[in-house]
1. Considering only residues that are assigned to a strand (DSSP E or B) and either modelled with pLDDT under 95 or surrounded by fewer than 20 Cβ atoms within 10 Å (Cβ to Cβ) (or both), which ones fall in the stretch 124-146?
2. Just wondering, is there one or more residues in the stretch 23-35 that are modelled with pLDDT of 85 or more, on the phi > 0 side of the Ramachandran plot and not acidic (Asp, Glu)?
3. Mind checking which residues of the stretch 46-60 are in a strand (DSSP E or B) and either of a type in the set (Ser, Thr, Tyr) or crowded, with 23+ Cβ neighbours inside 10 Å (or both)?
4. Please pick out the residue among Gly82, Gly71, Gly86 that is in contact (Cβ under 8 Å) with a residue 24 or more places away in the chain and assigned to a strand (DSSP E or B).
5. Got a sec? Which of Leu54, Leu108, Leu49 is within 13 Å of the chain's Cα centre (by Cα) and more than 22 Å from Trp220 (Cβ to Cβ)?
6. Hey, could you check the stretch 251-289 for residues that are in a helix (DSSP H, G or I) and small (Gly, Ala, Ser) and say which is nearest to the chain's Cα centre (by Cα)?
7. When both residues are 6+ apart or on different chains and their Cβ atoms are under 8 Å apart, which pairs have a first residue that lies in the stretch 40-55 and is among the basic types (Lys, Arg), and a second that is assigned to a loop (DSSP other than H, G, I, E, B)?
8. Specify the residue that is nearest to Gly162 (Cα to Cα); the eligible residues are those in the stretch 111-143 that are more than 16 Å from the chain's Cα centre (by Cα) and of a type in the set (Gly, Ala, Ser).
Amino acid sequence: MGSDSSLAALLLPVLVLGFVSAASAGNFHQDVDVTWGDGRAKILKGGELLTLSLDRVSGSGFQSKNEYMFGKIDMQLKLVHGNSAGTVAAYFLSSLGPKHDEIDFEFLGNLSGDPYILQTNVFTQGGGGREQQIYLWFDPTADFHTYSILWNPQRIIFSVDGTPIREYKNLESIGVPYPKKQPMRKADDWATRGGRVKIDWSQAPFTASYRNFKADACIWSAGSSSCTAKHPIPASTSNSSNAWLDRELDTSSQERLKWVKKNYMVYNYCNDTKRFIHGLPAECTTTVS
């Protein structure tokens, strides 16, 4: 997420996930805390649906009750319909402090009729700048779609409806930091397009909807993880699979990822030689991006 405090007036509907706490479809009453918004975040349908709204006065947000270290997280989102330029609906994982780790899905608001842009980013020890942007190949405002983050010690895989859109590998062997030491919960906010596109407040309130949130993940509590080599999934998630712990992209998934990059990539920091005038980041010389 961006850190320019001058954009604070263009706050967004935000989902904050340290990690979620159930392996099957969760109940928002049990799994999350509404953290801000003065009533603009609403848990509905007995906990099955959560909506976040943004108006001229405030945005809104929530976060998971638990912290986790590694996991597979799914969330279904239905984005703001119509002219949402100047807003961002975010689904991201983040730890605390100035040297935080963070894994981001950011949905950049658009003018009516323009394609949504989905931005992903990875922060490690406070350092980010690893943005990639794609156009979505469907209308994300027409229905719910599933956005997934798989985070294990070897890689981070971002997926949309099961299609991988990005893989970020652990390349500590060549000196690239990787988020693996801090449990995640807290997050930051920003507005789309660096504030260049202003919000049309006549369209407010802007509302994004969230449902069917699942996680297979390791609960972090009192400085230790619920996952061990002998019991990699906590008892509360015993019906789930631990395949995410060492999952990698198979041949079919690699081909789908290539399809996304070829047809829908808008921006890749690893191709931005104007930004990195002294040379691209070390990971850009590998298959990480």
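1. Restricting attention to the stretch 124-146, the residues satisfying the condition of being assigned to a strand (DSSP E or B) are 124, 127, 132-135, 145-146.
Thr124, Gly127, Gln133, Tyr135, His145, Thr146 - these are the residues of the stretch 124-146 that are assigned to a strand (DSSP E or B) and either modelled with pLDDT under 95 or surrounded by fewer than 20 Cβ atoms within 10 Å (Cβ to Cβ) (or both).
2. Restricting attention to the stretch 23-35, the residues satisfying the condition of being modelled with pLDDT of 85 or more are 27-35.
Next cut, on the phi > 0 side of the Ramachandran plot only: none.
Within the stretch 23-35, not a single residue is modelled with pLDDT of 85 or more, on the phi > 0 side of the Ramachandran plot and not acidic (Asp, Glu).
3. Initially, the stretch 46-60 is screened for residues in a strand (DSSP E or B), giving 49-54, 60.
Listed by number, the residues that qualify are Leu50, Thr51, Leu52, Ser53, Leu54, Ser60.
4. Result: Gly71 is the single residue among Gly82, Gly71, Gly86 that is in contact (Cβ under 8 Å) with a residue 24 or more places away in the chain and assigned to a strand (DSSP E or B).
5. Leu108
6. Here is the first cut: in the stretch 251-289, the ones in a helix (DSSP H, G or I) are 251-264, 269-271, 282-285.
Still in the running and small (Gly, Ala, Ser): 252-253, 282.
Details: Ser252: 23, Ser253: 20, Ala282: 23 Å.
Checked the stretch 251-289; the qualifying residue nearest to the chain's Cα centre (by Cα) is Ser253.
7. Short answer, once both residue conditions are applied: Arg40/Asp55; Arg40/Ser58; Arg40/Gly59; Arg40/Pro205.
8. Ranking the qualifying residues of the stretch 111-143, first place goes to Ala142.
The values are calculated or read from the model by the stated rules, or taken from the named source; none is laboratory data. None of the values given here were measured: they were computed from a predicted structure. Ideal geometry is used to build each Cβ from the backbone, glycine not excepted, and the neighbour counts take in all protein chains shown.
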